[in-house]
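As structure tokens, the structure follows; a few thoughts come after it.
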Amino acid sequence: MSASTQRPWTPEEFEAQLRDKGTAYHIHHPFNVMLNTGKATREQIQGWVANRYYYQIIIPQKDGAVLSNCPDREVRREWIQRILDHDGHGDDPGGIEAWLRLGQAVGLSREEIVDQRHVIPAVRFACDAYLNFCRQRPWQESVCSSLTELFAPIIHKQRLANWPEHYPWIESDGLQYFRNRVTQARRDVEQGLAVTLAYFDTRPQQEKALDILKFKLDILWSMNDAMALRYGLEGGPK
Ligand SMILES: O=C(O)c1cc(C(=O)O)c2c(n1)C(=O)C(=O)c1cc(C(=O)O)[nH]c1-2
């Protein structure tokens, strides 16, 4: 039976299908496994932090794109929080600043992170693909593409659990970004899931949502591929 004639999945089934995609999350990428099992060198950690900075600065830009495409005031009222989380507001310096502190804690200068001298072209292309997708697609599709965050609390918790043990030279304050994200990501996912489960309501639409999530998983995966190529893997290429 083709997808077009099949009954839609129930919200529970659909959510389970989305969660199943977690097998392709970058938590399983050899470069991330190396980082989170204590096998990375100082240079590899620095390379990861400097490159991931580019993802960090793209995120609020893509959230601005979602806002600009969304005519629903109720959604915008919640979504705008994501920009505040990353850019900061009032006394809260925000996630990008927290990332810069992480960079300094791993031994990078603020300047060399901000001027993006370490950002690998393929990492830039991958992040830009995410931004361009969110600029061009209906806002609900962009919301769906944010759902890799379903799997993010685990990866942040893994870092918080393993880095202090394996990399005691990184000051604990530097890990604040990850602490903040555990709760922020859970809240983001609640909103993102509600929109996605409501909007993609036929089987072909639901299948499309799975493809969108895979596209985003591929962005994160290819960033890791690029970093593995540049900085190497423990024990050589895999
Ligand atoms: O460290 C990670 O592995 C990781 C992954 C992801 C993700 O799954 O997209 C995000 C983040 N971190 C993150 O910190 C973050 O703020 C974030 C926002 C988004 C998004 O797509 O809107 N993803 C992620």
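The values are calculated or read from the model by the stated rules, or taken from the named source; none is laboratory data. A quick note: this is a predicted structure, and the numbers were derived from the prediction, not measured. When we count neighbours, we look across all protein chains shown, and the Cβ atoms used for this are built from the backbone with ideal geometry, even at glycine. Accessible surface areas use protein heavy atoms only, side chains included; no ligands, DNA or RNA. Shrake-Rupley method; radii C 1.70, N 1.55, O 1.52, S 1.80 Å.
For the reader, a short list of remarks on this structure follows.
- So residue 179, is it farther than 23 Å from residue 28 by Cα, modelled with pLDDT of 95 or more and not acidic (Asp, Glu): no
- Hits in segment 25-44 - residues which are open to solvent by 30 Å² or more (accessible area, probe 1.4 Å) and under 12 Å from residue 233 (Cα atoms): 30, 33, 39, 41, 43
- If you check 64, 22, 47 for being open to solvent by 20 Å² or more (accessible area, probe 1.4 Å), of a type outside the set (D, E, K, R) and in contact (Cβ under 8 Å) with a residue 12 or more places away in the chain, only one passes: 64.
- Scan of segment 61-78 for residues that are more than 10 Å from the ligand (Cβ to nearest atom), of a type in the set (A, V, I, L, M, F, W, C) and part of a helix (DSSP H, G or I), ordered by number: 65, 67, 75
- Residue selected from segment 79-110 under the condition within 15 Å of the ligand (Cβ to nearest atom) and of a type in the set (D, E, K, R), by the criterion farthest from the chain's Cα centre (by Cα): 92
- All conditions in (1) in contact with a Cys (Cβ under 7 Å, 6 or more places away or on another chain); (2) open to solvent by less than 60 Å² (accessible area, probe 1.4 Å); (3) of a type outside the set (Ser, Thr, Tyr); (4) away from the ligand (no atom under 12 Å from the Cβ) hold for residue 58, with the sole exception of (4).
- Test: residue in segment 157-174 that is open to solvent by 70 Å² or more (accessible area, probe 1.4 Å), of a type in the set (A, V, I, L, M, F, W, C) and over 16 Å from the mean Cα position of the chain (by Cα): yes
- Enumeration of residues in segment 173-211 that are farther than 15 Å from residue 20 by Cα, in contact with a Cys (Cβ under 9 Å, 6 or more places away or on another chain) and within 15 Å of the ligand (Cβ to nearest atom): 192, 195, 196
- Selection from segment 23-43 of residues that are outside any loop (DSSP other than H, G, I, E, B) and touching a Leu at 6+ places or on another chain (Cβ under 7 Å): 24, 26, 30, 31, 34
- Filter result for residue 134 (surrounded by 20 or more Cβ atoms within 10 Å (Cβ to Cβ) and either of a type in the set (Gly, Ala, Ser) or under 22 Å from residue 43 (Cβ atoms) (or both)): no
- For segment 111-152, residues that are within 10 Å of the ligand (Cβ to nearest atom) and either among the aromatic types (Phe, Trp, Tyr) or at pLDDT below 95 (or both) total 2.
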